[in-house]
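Working notes for the structure below.
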């Protein structure tokens, strides 16, 4: 394929995200998706070929689609248009959400089933204090009309808990999106472990929670730490091979 260097870089980073998600067991076999807007385009995106395990995905196997989930690059691979319903809703209405990841992990779905949602239980979860959106379950995301309600509920938050369903994380870059999902998932894992202990839970009070949220925001200014984190993630999969770039 003939493409810009920017698209090739996006393809490599997105393939890396799929490999990383597989490494950390964020997958749901062939279901759920990670998508990225192609730089310089408002209505073209990259998505995984339907039916492929995330461990198998490479830069060249990713499929270019439009806002309706239709293929626009002549790829021989299938796509799952229904799986793009949630992603397209956010991509089309949030310029900052160039990268979107949706998961059905055990811990993420467990927290999505809890009435309280994500609790202010620990330092890790506090980076999402007042930054987590919620959307009520409406069934399998096949109805395009649901997109408006998803967007309204999401607002400008970086992450969302889909009630009784799973998690969504967004970002301006692969690094930001993957960091958001990595620590949102970790927060859910800790919450499930803590609530399963049978012991009384100690919540962080609102004043401290807001303070820690501000500390996280200050730490992430300039994206320097995010880039260091992303480089470390890449080293973790490059130790297993670099074929994802092909």
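The values are calculated or read from the model by the stated rules, or taken from the named source; none is laboratory data. None of the values given here were measured: they were computed from a predicted structure. Positions of Cβ are backbone-derived with ideal geometry, glycine not excepted, and every protein chain shown enters the neighbour counts.
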For the range 1-104, please list each of the strands (runs of 3 or more DSSP E) lying entirely inside it that holds at least 3 residues being within 13 Å of the chain's Cα centre (by Cα). 34-37, 99-103
Counting only residues that are touching a residue at least 12 places away in the same chain (Cβ under 8 Å) and closer than 21 Å to residue 236 by Cα, how many does the range 49-58 have? 5
Does the range 105-138 hold any residues that are more than 30 Å from residue 15 (Cβ to Cβ) and not in a loop (DSSP other than H, G, I, E, B), and which are they? 126, 134
Residue 111 passes all but one of the listed conditions (1) surrounded by 22 or more Cβ atoms within 10 Å (Cβ to Cβ); (2) touching a helix residue (DSSP H, G or I) at 6+ places or on another chain (Cβ under 8 Å); (3) modelled with pLDDT under 95; the exception is number (3)
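Per-residue answers, yes or no, for (1) surrounded by 22 or more Cβ atoms within 10 Å (Cβ to Cβ); (2) under 14 Å from residue 246 (Cα atoms); (3) in contact with a strand residue (DSSP E or B) (Cβ under 6 Å, 6 or more places away or on another chain); (4) free of Cβ contacts under 8 Å to residues at least 12 places away in the same chain:
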site	(1), (2), (3), (4)
16	yes, yes, no, no
21	yes, no, no, no
27	no, no, no, no
36	yes, no, yes, no
42	no, no, no, yes
60	no, yes, no, no
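Would you kindly identify the helices (runs of 4 or more DSSP H) lying entirely within the range 139-246 that contain at least 2 residues that are crowded, with 21+ Cβ neighbours inside 10 Å and either without any contact (Cβ under 8 Å) to a residue 12 or more places away in the chain or out of contact with any helix residue (DSSP H, G or I) (no Cβ under 6 Å at 6 or more places or on another chain) (or both)? Working first, answer last.
On the way: elements: 146-154, 174-195, 206-219, 224-238.
In the range 139-246, the matching helices (runs of 4 or more DSSP H) lie at 174-195.
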Within the range 129-138, of all residues that are at pLDDT 95 or above and either at positive phi or in contact with a strand residue (DSSP E or B) (Cβ under 6 Å, 6 or more places away or on another chain) (or both), the one surrounded by the fewest Cβ atoms within 10 Å (Cβ to Cβ) is 134
